[in-house]
Every structure is written in structure tokens, then in C-alpha cells.
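Read the structure below first, then the notes.
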Amino acid sequence: MATVVLLGGMVPGAQAAPGVQDIDTELAYTCDLPEGKQSVKARVKVTAKVPESAQPGQAIQPEDVVLEATLPEGVIPVAAGSSAASVSAEIRLAVDVSQKDRHARAEWIGTTAEPVPIPAEGDLPLTTSGTVPYVKPGASGDLSLDAGALSVDLALYSAQGTPAEPSGTSLDCAPDPEQGTELAELDISGEGEDGASAPAPPASASSGSDTPGVEATPEVGARAKQPAAPDAPACVGDVNNGLNLNAYVTGYANVAKLNGATKFPLACTQIEQGPTRVDLSEPGFTHIYQDSTALLDYEGKPQLPPATGTFLTFGFMPTTATLEMTQVPPGVDSEGTPDYNVRSHLVVDWSDMSNKGVTTIDLDLILRLRDVKVNGVPLDVGDNCRSSKPFTLSLEGRMTAKDGVTTGYTLATGGVLTGSVTLPPFSGCGAGEDLDNLFTASLSGVPGYVKQVQGAPCAAQQHVPGSEGAVCTDEYEPVGVPEAIR
């Protein structure tokens with residue numbers, strides 16, 4: 001039984017990801033202006049990505065949602081002498097979720113990233129984006145998403161960024177009735193790809209039937225909440241990929257020559273689980289292997305969040321610098337097989353029902369230095385001061401399990417990883433003079449000890465929103481937020 005539990009932890013929800021369909025719909029709306037003014041016409045474009053199919057009880061999370069509204073001239077109440085120079089917007093689109101004769105309503109909300117300049121004449125284009133609620137079908141049968149009513153809240157600002165007079169306005173808009181409003185249609189099947197019946201969703205997923213999965217009203221999730229911790233960066237899992245894990249990681253890296261350590265802030269890693277192999281060739285033992293890939297994820301880039309390190313260069317000179325660690329993403333071979341950088345090996349000893357496991361993670365990285373100060377004085381190192389070539393950070397985590405007690409690290413539970421890294425020489429350092437040798441002499445060539453802590457990962461496709469003891473937030477971010485330890 002212990003073997004089944006551990007193997008299930010290594011490959012949670014392993015299954016093929018469904019196809020993705022693109023929503024790209026442009027609609028005409030009629031908007032009522034406030035204070036009894038005449039109505040105006042507006043155009044709204046909705047783009048997003050949703051899966052082509054799902055199963056009853058499976059959360060469907062629309063991704064990359066963008067709401068673009070084009071408002072006609074005269075919508076913004078800019079009186080003569082007004083200081084209004086820019087406008088920010090929040091667009092709220094009602095999305096009707098229907099399945100057979102059961103209906104629910106979601107609200108897709110988008111906001112502008114920054115205020116948009118108000119044109120002197122002509123239409124006002126507004127582009128907004130945001131995180132939207134998941135939808136969970138309660139039964140088999142096609143599930144439709146249709147655009148409904150729309151509202152636009154506009155806030156006006158002066159050229160100095162302060163609220164203008166008037167401070168804003170709101171529009172309530174209805175889709176023109178002569179057009180179709182369908183955004184997407186998803187195939188909700190009661191059977192998986194292997195023909196097995198899909199598991200019925202929990203009773204909490206249904207508000208329209210006492211029997212889960214039978215003629216149940218689709219469930220709509222809540223709007224995105226705050227992250228798991230104040231300093232936690234965005235780390236959202238892929239609900240459409242049963243092989244995806246997303247986890248937070250943090251830790252320290254020693255710089256051997258400087259007798260100091262740099263703490264790397266909380267970071268996100270996306271893990272794509274690969275194939276599992278079982279080897280029964282050794283009598284009395286079962287060997288289970290799994291290869292995976294890990295990719296750092298910071299604001300959509302494969303890197304750690306920037307970190308600041310302070311050291312005593314040459315033993316006496318206080319030096320600070322911002323360190324940017326960027327990962328070289330794993331490649332693929334000619335047949336499309338990933339270059340796996342995570343390898344897990346579990347050994348089951350049937351004589352005493354014990355388990356031992358080891359996981360190795362190899363990340364190819366490039367280190368860039370910027371914002372360097374020596375004894376408080378800025379040192380111009382230029383824009384391309386970095387390691388002359390990629391280097392490998394090798395980490396290892398070990399686990400043991402016996403008599404129902406598991407200790408140590410596994411990919412599926414998290415824990416402590418240790419290893420070392422040797423920095424290569426530096427190049428491109430210095431704007432007016434060559435500083436390569438300075439940083440090479442101070443940082444390169446001697447292995448530095450690394451201790452990282454990975455939190456328990458989120459398996460987004462397995463998460464049941466609102467469930468007790470979940471390892472994911474309802475926004476599909478990890479609940480486990482580790483603390484760095486030396």
C-alpha cells in the first residue's frame with residue numbers, strides 16, 4: 001500500500017491535457033450614458049483561451065482573458081477647461097454559463113494596466129485584462145459561454161496623475177440583439193479518454209441537484225484573492241494540464257571566496273512531470289523512475305526574482321550588487337522529447353516495506369550583476385556584466401519512508417534540497433574600464449554551497465476549490481510557502 005501512495009504522489013493526475021480553443025469574438029453594444037443622456041454604440045472584443053473539452057466536476061479556468069472596448073468620441077465628460085488628460089478603466093462582462101436547461105453567471109473583470117491618454121478627437125480604445133473565475137460543469141453535455149451585459153467604469157486623471165474634475169463616469173451596456181453572443185462551447189463528457197467513467201464531482205460542486213454529476217447547475221468560482229503570502233510572486237498552475245505542478249522555492253547560496261551567503265527571495269517554479277518507468281529486475285526490490293522538467297517562472301520569464309547581496313570583497317571592502325539569475329530553458333531532441341532536468345528514483349524494499357528515494361535537479365543558469373556599489377559608491381559595471389557562460393546548479397533531495405513515517409524531500413511533497421555551484425569567469429563588466437578580472441577573482445572558481453527549500457506543490461487540475469486541507473489556493477497557486485533556512 002505504501003508503494004501505491006508514493007507512486008501516486010509522484011504522478012498526481014497524470015493524463016493527457018485537452019486541446020485548447022481560442023475565444024476571439026467582437027460584439028456590438030449599446031451603452032446608456034449617465035444622467036439620462038442619449039445612448040451610444042460601442043465595440044467590444046473578447047479574447048481568451050479555454051479547453052475544448054472537460055469532464056463533470058473538472059474546473060475550467062479561462063486564461064489570457066482580454067477585454068477591449070472602443071468607445072465613441074464624446075463618451076468622456078470633459079468640460080471646457082477640464083484638467084482630464086488620461087483615463088483608466090474597469091470593464092465588467094457578464095458571461096452566461098449554460099448546460100442543458102441549467103444556467104449560472106460569471107463575471108469577467110478587466111482593468112487597464114495604466115492610464116490611457118485621452119485623444120483630442122476620435123474613438124477611445126481601452127484594453128483591459130484580469131484573472132477571471134473558474135467554471136465547473138456539474139454534468140455531461142455541451143457547456144456554452146455567452147456574452148451578456150457589460151459595464152464600464154472610467155476614472156479621469158490630470159496630467160499630474162491626480163483625479164480630474166469630473167473624476168469619472170460609468171456606462172451600462174447591452175449587447176445588440178440581432179447578433180450572436182456565443183464565446184465558446186465545450187464538450188463535457190462523462191467518460192475519460194480511456195473510456196472509463198469520469199468521477200462524479202463532490203456535492204459542493206453542484207447547486208442544482210442532490211445527486212452530483214446529474215443535471216447539476218454549473219458552478220462558478222470566486223474572483224481571484226490575495227496571494228498565499230505578502231511577498232509571494234504570482235505562481236499559477238495550469239488546470240488544463242494533469243502533469244503540471246507549481247511550487248514556491250527559496251533558500252541561500254554561499255559565495256565561498258567572500259565567506260558570505262545570498263538569500264534568494266521566494267520564487268516560482270513550474271514542473272512538468274514526465275514518464276514513469278518501473279524496474280522489477282532486482283529480486284525483492286522495485287525501482288520506480290520518473291523524469292520531469294522544472295522551469296523558473298518570474299513575471300513570465302525563466303528566472304529567479306532579483307536578489308541583493310552584500311559582501312566584503314577582498315575581506316574588507318563592503319560591496320553590494322543586485323543579482324539576476326536566469327535559467328536556460330531545457331531543450332528538446334529531434335523527436336521532441338524534453339531534455340529532462342529533474343530525475344526521481346524511488347526504491348521499494350519489500351523485505352521491510354520501506355522506501356528510499358532520491359531526486360536530482362540540474363538548472364542551467366546565467367548570472368548577471370547590476371547596481372553595484374563599493375563602500376556605498378556606485379560602480380558602473382555596464383548593462384552586460386554576467387557569467388561568461390551558463391553554469392549548472394545541481395541540487396539533491398533524499399527521502400525515506402518506513403512504518404508509515406516519511407521524511408525528507410520528494411517532488412510531490414517538497415522539502416530541503418542541497419547542492420553546490422561553481423561560477424565561471426565573468427565577462428562584459430565595466431563601462432569605462434574592464435572589470436572582468438575583479439569579479440572573476442572575487443566570485444568565480446570555488447564551489448559554493450546551496451540550500452534550497454521547496455514548498456508543497458499545487459497540482460492545479462486536482463484541486464477542488466473550497467476544499468479543506470487543499471494544497472492550492474482557489475486561484476491555483478501553492479498554499480505551501482517555504483522559509484529559507486541555512
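Summary of computed values
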quantity: Net charge of Cβ neighbours under 9 Å - reference Arg343; Lys, Arg +1; Asp, Glu -1; calculated: -2
quantity: Sites Asp153 and Glu335, calculated FRET efficiency, Cβ-Cβ separation with R0 56 Å, nearest 0.05; calculated: 0.60
quantity: Residues His103, His463 arranged by fewest to most Cβ contacts within 10 Å; calculated: His103, His463
quantity: Nitroxide proxy distance, nm - points 7 Å out along Cα→Cβ at Asn375 and Thr400; calculated: 5.2
quantity: Efficiency of FRET from Cβ geometry, Glu121 and Val278, R₀ 41 Å, rounded to 0.05; calculated: 0.05
quantity: Pairs from Lys263/Lys451; Lys301/Lys373; Lys356/Lys402 whose Cα-Cα separation, in the structure shown, is over 18 Å; calculated: Lys301/Lys373
quantity: Rh by Kirkwood over Cα pairs, then Stokes-Einstein D for segment 23-199 at 0.890 mPa s and 25 °C, µm²/s; calculated: 138
quantity: Inter-probe distance in nm under a simple model that places probes 7 Å from Cα toward Cβ, at Asp24 and Lys301; calculated: 2.8
quantity: Cα gyration tensor shape of segment 287-382, rounded if a/c is under 1.5, else prolate or oblate by comparing a/b with b/c; calculated: oblate
quantity: Projected label distance in nm at Gln160 and His345, using a 7 Å step from Cα toward the beta-carbon; calculated: 6.8
quantity: Net lengthening on full extension, Thr308/Ala174 (0.36 nm per residue, minus Cα-Cα); calculated: 43.1 nm
quantity: Shape call, segment 244-462: gyration tensor on alpha carbons, a/c limit 1.5; calculated: prolate
quantity: Net +/- balance of residues flanking Ala42 in space, Cβ distance below 12 Å, scoring K and R +1, D and E -1; calculated: -4
quantity: Selection from Pro275, Thr320, Thr293 lying farthest towards where the dipole of segment 244-462 points positive, charges on Cβ; calculated: Thr320
quantity: Proximal charge balance of Leu323 [Cβ under 14 Å; K/R count +1, D/E count -1]; calculated: +3
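Read-outs: derived from the displayed coordinates by stated rules, not from any lab. For clarity, every value in this text was computed on a predicted model and none was experimentally measured. Every residue, glycine among them, receives a Cβ derived from its backbone with ideal geometry; neighbour counts consider all protein chains shown.
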